[in-house]
1. Please enumerate the residues belonging to segment 392-407 that are surrounded by fewer than 20 Cβ atoms within 10 Å (Cβ to Cβ), in contact with a Pro (Cβ under 8 Å, 6 or more places away or on another chain) and touching a residue at least 12 places away in the same chain (Cβ under 8 Å).
2. Please list, ordered by residue number, the helices (runs of 4 or more DSSP H) wholly in segment 248-322 having 3 or more residues that are farther than 24 Å from ILE377 by Cβ.
3. Of everything in segment 375-392, what is among the aliphatic types (A, V, I, L, M) and either assigned to a loop (DSSP other than H, G, I, E, B) or under 17 Å from LEU420 (Cβ atoms) (or both)? Give them in sequence order.
4. The conditions are (1) modelled with pLDDT of 75 or more; (2) under 35 Å from the mean Cα position of the chain (by Cα); (3) assigned to a helix (DSSP H, G or I); (4) of a type in the set (Lys, Arg), and ARG56 fails exactly one of them. Which is it?
5. Where the second residue is buried (at least 16 other Cβ atoms within 10 Å of the Cβ) and basic (Lys, Arg) and the first is in the same structural domain as LEU388 (by TED's automatic domain parsing) and modelled with pLDDT of 95 or more and lies in segment 222-238, which pairs have Cβ atoms under 7 Å and are six or more apart or on separate chains?
6. Among the residues of segment 455-490, how many are within 22 Å of LYS410 (Cα to Cα), part of a helix (DSSP H, G or I) and not β-branched (Val, Ile, Thr)?
7. Test THR113 against the criterion of being assigned by TED's automatic domain parsing to the domain that holds SER47, farther than 30 Å from LYS243 by Cα and not in a helix (DSSP H, G or I), and give yes or no.
8. Is segment 149-170 home to any residue that is over 22 Å from LEU397 (Cα atoms) and not hydrophobic (A, V, I, L, M, F, W, C)?
Amino acid sequence: MEALQKRVEKLTAILEVAKAMTEERDLDRLLVLIAQAATRVVGSERSSIFVYDAERGELWSKVAQGREGVMRFPANTGIAGAVATTGTVSNIADAYDDPRFNRRFDEESGFRTRTVLTVPMHDSRGGVVGVLQTLNKKDGGAFDSDDVELALALAGVAAAALVNALLNEEIDRLFDGFVQASIKAIESRDPSTAGHSGRVARLTCGLAATLQDVRTGRWAGTTFTHDQMRELRYASLLHDFGKVGVREHVLVKAEKLYPADMQAVRLRFEAIRRSLQAESARRVAELALRPGTAEERAREEAGLAEQLDDVDRVLDFVLAANRPSVLEEGSFERLLEVARRTWTDSRGERRPWLAEREVELLSVRKGTFATAERREIESHVDHTWRFLSLIPWTRTLRSVPEIARGHHEKPSGRGYPRGLAADAIPLQTRMMSIADVYDALTASDRPYKRAVAHERALDILAMEAKEGGLDGDLLRVFVEADIGRSAPPL
């Protein structure tokens, strides 16, 4: 009766483990779960799980109890290899009497292997997907037929879970490949921001991990599951994916005028210089026809030099106004004054020193973008939402588009694209916004900005939070945990 009771308990344990296995999609955690269940069910000292890769002809394991790291070996060697290739059970009463047993692991660990029970893990089609191996019956005896039956029952359940986990891992690799390819596509269009997506993901996930240890304040008690952290990572990596929908010359614009437009301005000012020189040469030639014109010629030459200096000063002013720095007071009026000046081209037509469109762009108060260009840049978040929404995300990743979409929203409601305020912005998005701004400030020099030191970046973030641009409570965690410098790699 006692033996029957123990058998029922072991079968019940297998059913409980089976339920847990069907819910576990992470391969590493699943392998640990199977190994622990095998040790408990058959009453052994330790167990190992080996995954069979038939294409490569090898077995590998991250869960070989008593050993660390990934272990790989050819499937045609060892006891586990024999079971994987033949699909039959191996029950050895004394491991050291079996020539297939490799004593090196015992010698390195100090463990003494005596009995070894190894059973195949068959999938629904009868193929071997792995091997379950358990060592040393705790009562000192050999593994009996009941142990073999229980191990096979567990192996059958575990095989189905293993196939699902392997499939899930393949899907994860597929998603990772897509994400990495997407990042390369983004960064190839704007090489100056290379690495931004990865850094934002690292900072965001670092803040999320730290937030789970916070015991006081607004966000105390916040937790994220493994799937939620993965979802956050993908959203962070893809937050700028919509930049592929922005015209490249706008995306990489470093100054207020595009390079070709600035080149046209330079050539025009050179033409203005030559026009002044030609007019002055004509007047000097006329003076040469009259006597006693040395003094007049000197005045003409001095006047020309002053005019040319004026042209150079104006060009220097235009070049300064073209940079993405904040436009000084009075600059707009001076630009209008320059635009009112005219010169005579080679056809004798009068033309302005600056075109109306050039004045409009050079008059941008801050940054490099005119209103229409800024709207186009801001449209990248809508492109991100639209592109990511087309992807058939799994159930655990379905919020990726929504999280990524709002990284330019602000608690004050003055963000874009929807002007969301306060609690309407997801927590994950608020964390990403802090990471995005911090990296944009501290990233290496770009054509349109200088990198900002860590301490200065935190000051700017604090000012932004004070004005309602960032979540102040989350920023406090970011600063106190020194996420900017301590966030671990992904």
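1. The answer is SER399, GLU402.
2. Because the criterion is at least 3 residues that are farther than 24 Å from ILE377 by Cβ, the helices (runs of 4 or more DSSP H) in segment 248-322 that meet it are 259-288, 294-322.
3. VAL381, LEU390, ILE391
4. (3)
5. No pair meets every condition.
6. First, pick out the residues of segment 455-490 that are within 22 Å of LYS410 (Cα to Cα): 456-480, 483-484.
Cutting the leftovers down to part of a helix (DSSP H, G or I) gives us 456-466, 472-480, 483-484.
Filter again for not β-branched (Val, Ile, Thr), leaving 456-459, 461-466, 472-476, 478, 480, 484.
Count: 18.
7. yes
8. Yes: one or more hits.
The values are calculated or read from the model by the stated rules, or taken from the named source; none is laboratory data. Owing to the predicted nature of the structure, the values given are computational and were not obtained by experimental measurement. Ideal geometry is used to build each Cβ from the backbone, glycine not excepted, and the neighbour counts take in all protein chains shown.
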